[in-house]
Amino acid sequence: MTTYSLLILPGDGIGPEVMAEVRKVISWFETSRGLKFDVSEDLVGGAAYDVHGKPLSDATMAKAQSVDAVLLGAVGGPKYDNLDFSVKPERGLLRLRKEMDLFANLRPAQCFDALADFSSLKPEVVAGLDILIVRELTSGIYFGQPRGIQDDNDPANEGGRVGINTQRYTSGEIRRVARSAFELARKRGNRVCSMEKANVMESGILWREEVEWVHKNEFSDVELSHMYADNGAMQLVRNPRQFDVIVTDNLFGDILSDAAAMLTGSLGMLPSASLGAPMENGRPKAMYEPVHGSAPDIAGQGKANPIACILSFAMALRYSYDEGANADLLEKAVEKVLADGVRTGDLLGPQGGTAVSTAEMGDKIVQALGALA
Ligand code: IPM
Ligand code: MG
């Protein structure tokens with residue numbers, strides 16, 4: 001029987017609290033479903049900075065490269081706001097993404113029936129919503145050179161400085177993420193909408209041309225459409241159910257996925273998977289994270305919603321461990337708990353109600369697993 005290796009990086013803020021609930025879920029799968037995990041835990045973000053003076057040690061990086069999957073909580077917090085840019089908590093996360101070459105970031109936005117009232121949009125606009133944003137994660141303006149803050153000697157520039165970032169995409173980078181999106185679409189609604197700003201950016205023109213190339217040569221059975229990213233943002237809030245899979249670059253994907261997440265009612269619900277090239281075992285190199293951040297305002301109070309992190313583990317079951325049936329089971333357990341009316345504070349609407357703690361939500365999900373199995 002295979003042992004699945006998992007590196008847990010709880011990180012900062014609510015990261016450790018939500019991860020404790022994932023641990024309960026992992027134990028349940030071990031005792032009740034006979035799965036075997038080799039779980040190790042390490043530091044990332046501010047927590048790593050406090051110990052090592054940098055947000056990710058080389059040893060942790062090497063460990064991440066060697067496991068079947070990494071599960072990360074969240075990074076960042078006000079305590080680290082004034083650190084030098086090079087050692088900010090976020091740099092640890094970006095280093096993991098870049099060095100593991102996790103180019104395809106899958107951000108599903110699904111609206112659970114029980115939460116349709118919660119969305120900032122009308123329930124009839126979001127009920128049954130099920131879209132998948134595929135965000136390019138290792139290139140674009142997040143990593144392009146040149147970058148930096150420089151002095152310029154232009155007397156007409158009041159303040160005398162210039163901030164530079166570069167949007168840069170190679171055709172190969174665009175083609176590989178486009179392939180991921182088309183492959184995923186084939187397993188869903190068979191439609192891809194690609195978003196860029198080809199009306200103002202050359203990198204957007206190349207993006208569109210390369211997505212079309214992959215479509216024409218390899219995936220002509222999938223329906224492809226294009227949208228300028230600003231229109232895409234508008235369409236996401238106007239009529240989100242028109243989309244199946246959206247493929248877009250690193251920065252647009254960052255922004256559009258936050259908007260898509262909120263359509264579902266709470267940022268505390270959304271998981272993500274970041275996938276790279278296949279490893280020797282045929283599974284992709286992978287890191288899983290909740291889309292939400294470290295939420296320093298509620299950290300340590302037992303108020304955080306652990307569902308996004310638990311659903312991220314469900315994605316690990318599906319994409320890294322090939323345990324699709326167990327992934328389905330875990331997603332069903334979450335759905336059941338929500339249908340039963342169990343709510344953390346972020347899921348209490350204007351009508352109010354009683355919130356359960358982070359730990360109680362984890363316990364309820366484990367109970368639901370037992371009931372459904
Ligand atoms: C995300 C986050 C990160 C990003 C930050 C924390 C660096 O917003 O994963 O969406 O900008 O990619
Ligand atoms: Mg973001």
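The values are calculated or read from the model by the stated rules, or taken from the named source; none is laboratory data. Everything numeric here is computed off the predicted structure, so don't read it as measured data. Neighbour counts run over all protein chains shown; Cβ positions are idealised from the backbone, glycine included.
Picking from LEU256, LEU251, which residue would you name as being within 16 Å of ligand 1 (Cβ to nearest atom), modelled with pLDDT of 95 or more and more than 27 Å from ALA314 (Cβ to Cβ)?
Details: LEU256 fails: more than 27 Å from ALA314 (Cβ to Cβ).
When all the criteria are applied, what remains is LEU251.
Within segment 259-281, the only residue that satisfies the criterion of being in a loop (DSSP other than H, G, I, E, B) and within 14 Å of ligand 1 (Cβ to nearest atom) is LEU270. Scanning segment 231-260 for residues that are among the polar types (S, T, N, Q) and farther than 18 Å from PRO290 by Cα yields ASN231, GLN235, ASN239, GLN242, THR248. Summed over segment 226-254, the residues that are acidic (Asp, Glu) and within 11 Å of ligand 2 (Cβ to nearest atom) give a count of 1. Hey, any hits in segment 152-162 for a residue that's within 23 Å of ARG107 (Cα to Cα) and surrounded by fewer than 19 Cβ atoms within 10 Å (Cβ to Cβ)? No, there is no match, as no residue in segment 152-162 is within 23 Å of ARG107 (Cα to Cα) and surrounded by fewer than 19 Cβ atoms within 10 Å (Cβ to Cβ).
Between SER257, SER272, SER266, which is within 16 Å of ligand 2 (Cβ to nearest atom), farther than 21 Å from THR138 by Cβ and either of a type outside the set (A, V, I, L, M) or buried (at least 24 other Cβ atoms within 10 Å of the Cβ) (or both)?
Result of the check over SER257, SER272, SER266: SER266.
For segment 241-272, a residue qualifies if it is among the hydroxyl-bearing types (Ser, Thr, Tyr) and closer than 13 Å to LEU132 by Cα, and the qualifying residues are THR248, SER257, THR264, SER272. Within segment 173-223, the residues that satisfy the criterion of being among the basic types (Lys, Arg) and over 20 Å from the mean Cα position of the chain (by Cα) are ARG175, ARG186, ARG191, LYS197, ARG208, LYS216.
Looking across PRO284, PRO296, PRO290, one residue alone is in the same structural domain as GLY349 (by TED's automatic domain parsing) and away from ligand 1 (no atom under 16 Å from the Cβ). It is PRO284. Any residue in segment 70-93 that is surrounded by 23 or more Cβ atoms within 10 Å (Cβ to Cβ), more than 16 Å from ligand 2 (Cβ to nearest atom) and within 22 Å of ASN281 (Cβ to Cβ)? The answer is yes; a qualifying residue exists. Would segment 206-229 turn up any residue that is within 16 Å of ligand 1 (Cβ to nearest atom) and within 30 Å of PRO350 (Cβ to Cβ)? Looking for residues that are within 16 Å of ligand 1 (Cβ to nearest atom) and within 30 Å of PRO350 (Cβ to Cβ), one finds none in segment 206-229, hence no. Here GLN235 passes the criteria (1) outside any strand (DSSP E or B); (2) within 16 Å of ligand 1 (Cβ to nearest atom) except the one numbered (2).
When only residues in segment 101-141 that are touching a Leu at 6+ places or on another chain (Cβ under 7 Å) and hydroxyl-bearing (Ser, Thr, Tyr) count, which is surrounded by the fewest Cβ atoms within 10 Å (Cβ to Cβ)? Step by step, filter segment 101-141, then rank; the result is SER119. When the strands (runs of 3 or more DSSP E) confined to segment 116-182 are screened for residues that are among the aliphatic types (A, V, I, L, M), those reaching at least 2 such residues are found at 130-136, 161-166.
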